[in-house]
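Colleague: Here you go, one structure.
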Amino acid sequence: PAAAMQASLLTRLTLVYLLLHLGQINRAREAFEELRLESGDFSAWRGETLAANVRAECRALEAIIIIDEERPLPVGFVERIKQEASSLGTRGHFVRIVIDSGLAIYANYDAGNYQECVRLAEQGLLGLRDIHANFGLAYLHLYRGMSQFALGRLHLAQTAYRNALDLAVTHFPNQSQRIEALACIAECQYYAGDLLGARCNVDAALASLRDQVAVDG
């Protein structure tokens with residue numbers, strides 16, 4: 001019921017997340033800012049001080065909104081979420097999305113901290129290695145490659161991209177990760193002077209995009 005939803009901060013946070021998931025970013029931002037206003041910037045709710053872990057949930061959802069709006073995500077903002085969540089030894093749903101899905105990598109990449117991105121990606125690869133989280137692994141390979149590329153390490157970047165491509169082809173042949181990996185490999189080949197190889201991979205990526213357009217109408 002609407003009255004029950006209005007009274008529950010976490011239920012309304014979940015509604016914001018669902019709006020984001022459905023691509024309704026403007027509605028999600030509007031609903032989130034209403035919550036911020038009603039809670040005094042997430043300090044209290046219905047007369048009671050918010051616990052640190054609940055504040056972390058609110059900040060984590062804001063990080064997801066920032067990503068969806070394609071705005072820079074400050075590294076310090078992600079670290080603040082992590083500290084608030086770990087202070088009580090628990091992490092909620094949105095906190096796990098921010099910390100475990102690699103948004104810390106996104107934030108560090110955006111800030112130009114490429115060495116830290118490589119470290120975080122390699123740490124994540126070790127953590128996911130034994131649980132067959134193939135989509136997440138490919139994502140980490142892509143970010144490791146992007147960071148190596150930014151550091152001028154074309155060979156290491158291309159190796160990371162090919163690892164992402166192998167996972168995408170094997171497990172997610174219709175996913176955007178495959179197209180992104182092909183385009184990234186082509187970029188490495190272009191700067192390495194392998195124009196023929198770059199052209200082949202660009203053509204493969206374009207062909208995949210055309211196929212997807214045909215499927216999606």
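The values are calculated or read from the model by the stated rules, or taken from the named source; none is laboratory data. It should be emphasised that the depicted structure is a prediction, and the values quoted were computed from it without experimental measurement. Note that each Cβ is placed from the backbone with ideal geometry, even for glycine, and that neighbours are counted across all protein chains shown. Ligands, DNA and RNA are stripped out before the accessible areas are found, and what is left, the full protein with its side chains, is counted by its heavy atoms. Shrake-Rupley method; radii C 1.70, N 1.55, O 1.52, S 1.80 Å.
Colleague: For residue 113 and residue 18, compute 0.36 nm times the residue count separating them, minus their Cα-Cα distance, and round to one decimal in nm.
Modeller: In short, 31.1 nm is gained.
Colleague: Any chance you could run the full-extension gain for residue 6 through residue 166? It's 0.36 nm times the residue separation minus the Cα-Cα distance, nm to one decimal.
Modeller: Result: 52.9 nm gained on full extension.
Colleague: So what's the back-of-envelope 222 nm ellipticity for the chain, counting only DSSP H runs of four-plus at -39500 (n - 2.57) apiece and dividing by all residues, rounded to 500?
Modeller: Calculated mean residue ellipticity at 222 nm is -24500 deg cm²/dmol.
Colleague: With charges only on Cβ, +1 for K and R and -1 for D and E, what is the dipole size of the chain about its Cα centre, in debye, rounded to 20?
Modeller: 300
Colleague: First select every other residue whose beta carbon is under 14 angstrom from the beta carbon of residue 72; then total the charges, Lys and Arg +1, Asp and Glu -1.
Modeller: Within the 14 Å Cβ shell, the charges total -4.
Colleague: Still on this structure, I have one more. Rounded to the nearest percent, how much of the accessible area of the chain (1.4 Å probe, protein heavy atoms only) is carbon and sulfur?
Modeller: Carbon plus sulfur share of accessible area: 56 percent.
Colleague: If R₀ is 30 angstrom, what is the calculated FRET efficiency for the pair residue 49 and residue 69, using the beta carbon separation as r and rounding to 0.05?
Modeller: So, using R0 = 30 Å, E works out to roughly 0.55.
Colleague: Need one word for the chain: rounded, prolate or oblate. Basis is the Cα gyration tensor (sqrt eigenvalues a ≥ b ≥ c); a/c below 1.5 gives rounded, then a/b vs b/c decides.
Modeller: Prolate is the answer for the chain, as a/c is 1.5 or above and a/b outweighs b/c.
Colleague: Given 0.36 nm per residue, what is the gain on full extension from residue 210 to residue 195 after removing their alpha carbon distance, in nm?
Modeller: 3.2 nm
Colleague: Counting other C-beta atoms within 10 Å, and keeping those with at most 11, which DSSP coil trypsin sites (Lys or Arg not before Pro) do you find in the range 11-101?
Modeller: Listed in order of number, the matching sites are 46.
Colleague: At 1.4 Å probe radius, can you tell me the per residue accessible area of the range 1-93 in Å²?
Modeller: 56
Colleague: If you don't mind, there's one more thing I want to ask. Amide H to amide H, which residues 5 or more places from residue 45 or on other chains are under 5 Å from it, using H placed in the peptide plane?
Modeller: 50
Colleague: Find how many whole Å separate the alpha carbon centroid of the range 94-117 from the alpha carbon centroid of the range 1-36.
Modeller: The range 1-36 and the range 94-117 have Cα centres spaced 24 Å from each other.
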